[in-house]
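Trainee: Here's a structure for you.
The values are calculated or read from the model by the stated rules, or taken from the named source; none is laboratory data. No experiment lies behind these values; they were computed from the predicted model shown. Every residue, glycine among them, receives a Cβ derived from its backbone with ideal geometry; neighbour counts consider all protein chains shown.
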Amino acid sequence: MAASRKLSALRLPPLPTIREIIKLFKLQAVKQLSQNFLLDLRLTDKIVRKAGNLTNAYVYEVGPGPGGITRSILNANVAELLVVEKDSRFIPGLQMLSDAAPGKLKIVHGDVLTFKVEKSFPKSLKRSWEDDPPNVHIIGNLPFSVSTPLIIKWLENISNQNGPFTYGRTQMTLTFQKEVAERLVATTGSKQRSRLSVMAQYLCTVNHSFTIPGQAFVPKPQVDVGVVHFMPLIEPKIEQPFKLVEKVVQNAFQFRRKYCHRGLGMLFPEAQRLESTEKLLQLADIDPTLRPTQLSLLHFRSLCDIYRKMCDEDPQLFGYNFRDELKQRKDKIEEKEESNGLQMP
Ligand code: SAM
């Protein structure tokens, strides 16, 4: 048994270094695409170790670029690695890695924002949500402009148990700008507490595993980078639809320095704002003078449950958006001024 395990273990044969690959295939980073590469394999190994034990795992790597993290994943004895890269210049270098690891590396030239990984790995990997996590992992160092919308999309997938979470509680190890990593793990009352903290933490156990200094990347970005690990929770801490939670949380943080009733009030049309906000906060048993950053997950749970009840009682409420109301009011004023001959400049 031990011998067969040893036989299946893969060590990549000697390959050109990532720096040599970049030179060989003329892979200069494109600034507009925020490409910053990791060339130090000790660092890429460290990121991959934070993903957990990858023996026989099926791994989805997003944005492999010249393939530093890709190599570390292949060296972790995985069953299969699927990489999705948008920039076609990287495909030949990745192909070289694929040749060095026969049958292990699948390369897709595509966009992670639209790619459907749930169709890619064997169905036999599926675990029930309450079970241990499946042997499926997502790992990636993406541009910051992609990683934040992507994590919101994946959090919604966790809430619906679909997309990459069709396999069960798939774990993710991803990089973010350090400040975003800090927001993702920020606790109640801390300065960095934000919409992202609540959205991530009501669905996952989130860990800021370590920080990589900007100078470790080529070219060096303006900021340091945080490696964050996400493990979806069996039971989310708020049991309401993702879009409803998102709306409550977004509104709550609308005016982050003011009392929480200010932002939460924006959930309601102006005509009923005072009365409905008071009702929401009273039923949720929340002090209206708490700041948004002082609201705990339990507070948000109550707020979402009560807001849900209010939406059930008034089916128009969920569709209400205070920005639309503001715009309508502005349009009306402009119309009135035009008809009075007071044209706006
Ligand atoms: N993972 C490599 C590393 O750590 O050295 C490259 C990191 S670089 C910051 C981000 C990579 O993601 C680039 O190769 C870029 O082309 C790729 N990328 C950017 N947007 C993408 C998208 N929407 N879908 C797939 N790949 C993307």
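Trainee: Determine which member of the set S88, S128 is within 15 Å of the ligand (Cβ to nearest atom), without any contact (Cβ under 8 Å) to a residue 60 or more places away in the chain and assigned by the TED database to the domain that holds T148. Give the derivation first.
Mentor: On the way: S128 fails: within 15 Å of the ligand (Cβ to nearest atom).
Selected residue: S88, the only one of S88, S128 that is within 15 Å of the ligand (Cβ to nearest atom), without any contact (Cβ under 8 Å) to a residue 60 or more places away in the chain and assigned by the TED database to the domain that holds T148.
Trainee: For T187, indicate whether it is over 13 Å from the mean Cα position of the chain (by Cα) and without any contact (Cβ under 8 Å) to a residue 24 or more places away in the chain. First the steps, then the outcome.
Mentor: Numbers: over 13 Å from the mean Cα position of the chain (by Cα): yes; without any contact (Cβ under 8 Å) to a residue 24 or more places away in the chain: yes.
Taking the combined requirement at face value, the residue satisfies it.
Trainee: Another question, if that's okay. Can you name the number of the only condition in (1) surrounded by fewer than 13 Cβ atoms within 10 Å (Cβ to Cβ); (2) under 24 Å from V198 (Cβ atoms); (3) of a type outside the set (D, E); (4) modelled with pLDDT of 95 or more that R257 fails?
Mentor: Looking at each condition in turn, R257 falls short on (4).
Trainee: Moving on. Does G189 count as assigned to a loop (DSSP other than H, G, I, E, B), small (G, A, S) and within 18 Å of P288 (Cα to Cα)?
Mentor: Here the answer is yes, as G189 does meet what is asked.
Trainee: A further question on this structure: Of the conditions (1) in contact with a helix residue (DSSP H, G or I) (Cβ under 7 Å, 6 or more places away or on another chain); (2) more than 19 Å from K191 (Cα to Cα); (3) surrounded by fewer than 18 Cβ atoms within 10 Å (Cβ to Cβ), E275 satisfies every one except a single condition; which number is it?
Mentor: (1)
Trainee: Of the conditions (1) surrounded by fewer than 20 Cβ atoms within 10 Å (Cβ to Cβ); (2) at pLDDT below 95; (3) more than 10 Å from the ligand (Cβ to nearest atom), G93 clears all except one; give me its number.
Mentor: (1)
Trainee: Taking segment 116-141, which residues are of a type in the set (A, V, I, L, M, F, W, C), crowded, with 17+ Cβ neighbours inside 10 Å and part of a loop (DSSP other than H, G, I, E, B)?
Mentor: Once the filter is applied, which keeps residues that are of a type in the set (A, V, I, L, M, F, W, C), crowded, with 17+ Cβ neighbours inside 10 Å and part of a loop (DSSP other than H, G, I, E, B), segment 116-141 yields only F121.
Trainee: Next question, about the same structure. Looking only at segment 105-114, filter to residues that are in contact with a helix residue (DSSP H, G or I) (Cβ under 6 Å, 6 or more places away or on another chain) and crowded, with 16+ Cβ neighbours inside 10 Å; which one of those is nearest to N75 (Cα to Cα)?
Mentor: Per the criteria, the residue is L105.
Trainee: Additional query: Contact list please: Cβ distance under 8 Å, first residue in segment 32-60 and at positive phi, second residue within 11 Å of the ligand (Cβ to nearest atom), pairs at least six apart or on different chains.
Mentor: As it stands, the answer is S34/P143; S34/F144; S34/S145; S34/P221, since those pairs meet every condition given.
Trainee: Name the single residue that is farthest from T170 (Cα to Cα) among those in segment 47-61 being part of a helix (DSSP H, G or I) and not hydrophobic (A, V, I, L, M, F, W, C).
Mentor: Applying the first criterion (part of a helix (DSSP H, G or I)) to segment 47-61 yields 47-50.
Of the ones still in play, those that are also not hydrophobic (A, V, I, L, M, F, W, C) are 49-50.
Numbers: R49: 16, K50: 14 Å.
Taking the candidates together, the pick is R49.
Trainee: Moving to a separate point now. How many residues are touching a Phe, Trp or Tyr at 6+ places or on another chain (Cβ under 9 Å) and either within 16 Å of the ligand (Cβ to nearest atom) or farther than 18 Å from S147 by Cβ (or both) when one looks only at segment 204-234?
Mentor: 12
Trainee: Would you pick out the residues in segment 62-98 that are under 23 Å from the mean Cα position of the chain (by Cα) and part of a helix (DSSP H, G or I)?
Mentor: G68, I69, T70, S72, I73
Trainee: Looking at segment 20-32, which of its residues are within 11 Å of the ligand (Cβ to nearest atom) and either outside the structural domain of A216 (by the TED database) or surrounded by 14 or more Cβ atoms within 10 Å (Cβ to Cβ) (or both)?
Mentor: Those that are within 11 Å of the ligand (Cβ to nearest atom) and either outside the structural domain of A216 (by the TED database) or surrounded by 14 or more Cβ atoms within 10 Å (Cβ to Cβ) (or both): I21, I22, L27, A29.
Trainee: Looking only at segment 45-69, filter to residues that are more than 21 Å from S145 (Cα to Cα) and surrounded by 20 or more Cβ atoms within 10 Å (Cβ to Cβ); which one of those is nearest to the ligand (Cβ to nearest atom)?
Mentor: So the residue we want is V48.
Trainee: Among the residues in segment 110-122, are any free of Cβ contacts under 8 Å to residues at least 12 places away in the same chain and more than 16 Å from the ligand (Cβ to nearest atom)?
Mentor: yes
Trainee: Right, G140: in the same structural domain as V228 (by the TED database), touching a residue at least 24 places away in the same chain (Cβ under 8 Å), small (G, A, S) and more than 24 Å from A252 (Cα to Cα) or not?
Mentor: It is true that G140 is in the same structural domain as V228 (by the TED database), touching a residue at least 24 places away in the same chain (Cβ under 8 Å), small (G, A, S) and more than 24 Å from A252 (Cα to Cα).
Trainee: Would you confirm whether or not segment 164-181 contains a residue that is away from the ligand (no atom under 16 Å from the Cβ), under 25 Å from Q35 (Cβ atoms), free of Cβ contacts under 8 Å to residues at least 60 places away in the same chain and surrounded by fewer than 20 Cβ atoms within 10 Å (Cβ to Cβ)?
Mentor: Yes, there is a match, as at least one residue in segment 164-181 is away from the ligand (no atom under 16 Å from the Cβ), under 25 Å from Q35 (Cβ atoms), free of Cβ contacts under 8 Å to residues at least 60 places away in the same chain and surrounded by fewer than 20 Cβ atoms within 10 Å (Cβ to Cβ).
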